[in-house]
Amino acid sequence: MAFRKNNVDLICSIGELAGMFERTSSLPDFLGTVVSVVAYHMNAAVCSIYLWDDEAGELVLRANQGLNAEYIGKLRLKSGQGLVGMALKQLRPINAGAAASSPGFAAIPGLDEERFQSLLAVPILRGLNRVGVLVVQDPQQDYFSEHDIKALQAIGAQLATTIENAKLLMNLYREVEQEEKERKAAKMPSLFKGAGVSNGRALGKANVLGGLDAFLQLTQEVGGARVSEQNGEAQDFEHALTRSLAQLETLQNDFDEHHGDVASLIFSAQLLMLKDSQFSGAMRNRIETGMRPAEAVVQVVNEYIQVFSRSKNPRLQEKAQDVKDLGHRILLNLGHGETEQADYEGEILITGELLPSDIVKFSAERASGLVMVGGGSSSHVSILARSLDLPMIVLNDDRALNIQQGTRLLMDVDHGNLFVEPDEELLAKHREVLEAEKSAAELAAAVRPCTETGSGERVVLLANINLLSELRLAQRFKAEGIGLYRSEFPFIVRSEFPSEEEQYRIYRTVIERMEGHPVTLRTLDVGGDKMLSYFPMVSKENPFLGLRAIRFTLRHRDIFEDQLRAMLRAGVGADLRIMFPMISSLDDYQLAAQVVHDCCEDLARRGVLHHPNPMIGAMVETPSAVEIAPELSHEADFLCVGTNDLVQYVLAVDRTNESVSHMYLPYHPSVLRSLRRIVEAANQFQTPLSICGQMASDERMLPFLLGIGVRTLSMDTRMIPKIQAALATLHIDEARTLAAEMLARPRIVDIEELLGIRKEANA
Ligand code: PEP
Ligand code: MG
């Protein structure tokens, strides 16, 4: 009998090893193939592989031929238990010619092993690691020879690496399964508490935009139908492509019309991909071989996502989101035959880090709300979301990324609340709030062209503008001009510097739309937390104290001059005011003002039409500027107090850091005193002064500001109706008295008491 064994061949046959992989479609399958090949070559009736489970400290039967298959995965042996356990414990082959009567034999009830007289077990080792035991059995007594022992040992050694890899992978899959189970079992909180970075409320279905997994998960069910169940034909696919193309073209045109200032051709990557025959061709090829269109889309999109995500070029990595968006759109168009809309309408997007351009894009794609998980909010992210009227919350809780796709969510941005599966009571309240909110048309109808206090003082209300799309509201709400145009947004959202010409067109639009009203254009305020992705900006530990705003533009004169020339050219015939952010010395102001004069001269010399002498102003937003407020008032044509930064720098409290947000207090005595000094200095030289930070629209602070003499407020346009109404109830004598009392109190709590502010918690 022993002659029929063919084990020498097995040891040498690489081709046979490769064949094992070819016939394999899963790991258990692979091990199954191994036992059948070994059994064949050893001419044995039974072959088994036991793998060592390090965690449980047990051998587990993982593959078998010739015994009861039900025991696979269930039969467990301790090290030393039975002949198999002994082989592992003693790290040597055990060859029993009459197994059942051998010392150490342990019968396993139901396995019916007794009929196999011979048993040969060899440990599988990888270096010092115990991988498992390879066992052959046969009914004939004394069946396995010395030669067989060597052969089986050689086979064990030959397969050790592969079997160990299989074992590791099986463990990995088990861990992943376990994690998935735990994730599913983990109770999802019904409320996530975060920070609202814009305003408003939203009700919609969760769409977690994560990595590749999330796309796969998302595409399991898209447009209400499971991808695997969407049959569709080749012609449906062609229609879906045509519809996607038409939708993207419309979206692109609408976008450029409304948001041309911050980005152009933002959907171009998707349009190009859609038109790329390689991309759609890969899908088509699969469909031709019989694959369902939806599956073909998912496969190709996933391949592209992987390629983009692996790229070392960050610009290409960003494109992974574009492919996902495109895949989502094509699938929606495949799912609903005649849909006009394949956007994120009705969806609340949950995502990790966000680029400013993503926010603009998601808004254009009609997302109902945005939840950013982890990653601090930066001021431009929140300003953008607010300007786009996109409800947005930032959360520091990774569990939000595990919210199931399609879960109903309710966002209450003003309170930073994200409700998961809101109950009927919450929904009713939500509807109530929505009904109570006045529409922009109702609000606009109530706004008067001139603003006065209840006691008759004239107050000028100006608009802060970040995006051109906000100008319409500024007109409707009768803003008396633009007190702050944050010129950095076109720089931040685009992927390269806007040219002088592009900037000129943007500024000219602001000026023309404001029809003769004063327009204050602020020069570039980048640095701090507003970074330009395409320009190497040294990012050090304290970016807010670094090369920010006027410091940046004074260092990069060419960028500054391009911008100033664009502003001066756009300002022809207008009431143009140019303002420098973050002035911290008289020297900086004078240097910057000199660059404006130089640009005027240059334009004049070249005969280019421009505004020859715009008003030039300084923002007062650092303690150093407060100290020199009299000199600045004397020098500058106007002052504008940036209270957002003033509070941050006076109090040394990062305006974007959630953990110290309770210390970011606009009514802190030091802030109040700084404000009084600035206003007094401006009055001394009759220099026009305005407040343009959020304090200007903080109702609690209005009496103080009016009381110390402020008469011009520039604010988020949406706040104008509310502030105008609040001012109508304000009496200047009372405001003066309150301001004096506030200034006389050195403690925060006493001021809070005066303002009727009750603190919920102080940390
Ligand atoms: C401010 O600091 O108050 C301000 C208006 O400017 P920004 O918020 O853009 O820094
Ligand atoms: Mg500022």
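Points worth noting:
- The set of residues in segment 344-363 that are touching a residue at least 40 places away in the same chain (Cβ under 8 Å) and of a type in the set (D, E, K, R) comprises 347, 361.
- Criterion violated by residue 532 - all others in (1) more than 16 Å from ligand 2 (Cβ to nearest atom); (2) modelled with pLDDT of 95 or more satisfied: (2)
- Top-ranked residue of segment 20-53 - restricted to ones that are in a strand (DSSP E or B) and open to solvent by 20 Å² or more (accessible area, probe 1.4 Å), ranked as modelled with the highest pLDDT: 52
- Residue check, residue 525 within 14 Å of ligand 1 (Cβ to nearest atom), in the same structural domain as residue 469 (by TED's automatic domain parsing) and surrounded by 22 or more Cβ atoms within 10 Å (Cβ to Cβ): yes
- At least 3 residues being under 23 Å from residue 669 (Cβ atoms) and in contact (Cβ under 8 Å) with a residue 40 or more places away in the chain is the threshold, and among the helices (runs of 4 or more DSSP H) wholly inside segment 682-747 those reaching it are 732-744.
- Reported count of residues in segment 581-598, each being over 15 Å from residue 620 (Cα atoms) and either among the charged types (D, E, K, R) or within 16 Å of ligand 1 (Cβ to nearest atom) (or both), is 1.
- Restricting 452, 457, 500, 488 to those that are within 16 Å of ligand 1 (Cβ to nearest atom) and either touching a residue at least 60 places away in the same chain (Cβ under 8 Å) or farther than 24 Å from residue 717 by Cα (or both) reduces the list to 488.
- Note on segment 54-67: residues that are open to solvent by 40 Å² or more (accessible area, probe 1.4 Å) and in a strand (DSSP E or B) total 2.
- Set 496, 435: member being surrounded by fewer than 17 Cβ atoms within 10 Å (Cβ to Cβ) and either modelled with pLDDT of 95 or more or assigned to a loop (DSSP other than H, G, I, E, B) (or both): 496
- Segment 586-640, residues that are away from ligand 2 (no atom under 16 Å from the Cβ), buried (at least 18 other Cβ atoms within 10 Å of the Cβ) and polar (S, T, N, Q): 633
- When we screen 442, 338 for residues that are more than 20 Å from residue 258 (Cβ to Cβ), outside any strand (DSSP E or B) and modelled with pLDDT under 85, the only hit is 338.
- For segment 641-654, a residue qualifies if it is assigned to a loop (DSSP other than H, G, I, E, B) and either more than 13 Å from ligand 1 (Cβ to nearest atom) or surrounded by fewer than 21 Cβ atoms within 10 Å (Cβ to Cβ) (or both), and the qualifying residues are 652, 653, 654.
- Filter pass, residue 469 being among the hydroxyl-bearing types (Ser, Thr, Tyr), outside any helix (DSSP H, G or I) and either open to solvent by 10 Å² or more (accessible area, probe 1.4 Å) or modelled with pLDDT of 90 or more (or both): no
- Qualifying residue in segment 387-399 (condition: in a helix (DSSP H, G or I), touching a residue at least 24 places away in the same chain (Cβ under 8 Å), over 23 Å from residue 464 (Cα atoms) and open to solvent by 10 Å² or more (accessible area, probe 1.4 Å)): yes
The values are calculated or read from the model by the stated rules, or taken from the named source; none is laboratory data. Just so we're clear, the structure is a prediction, and the values are computed from it rather than from any experiment. Note that we place each Cβ from the backbone using ideal geometry, even for glycine, and neighbour counts take in every protein chain shown. Just so you know, the surface numbers come from the protein's heavy atoms only, side chains and all, with ligands and any DNA or RNA stripped out. Shrake-Rupley method; radii C 1.70, N 1.55, O 1.52, S 1.80 Å.
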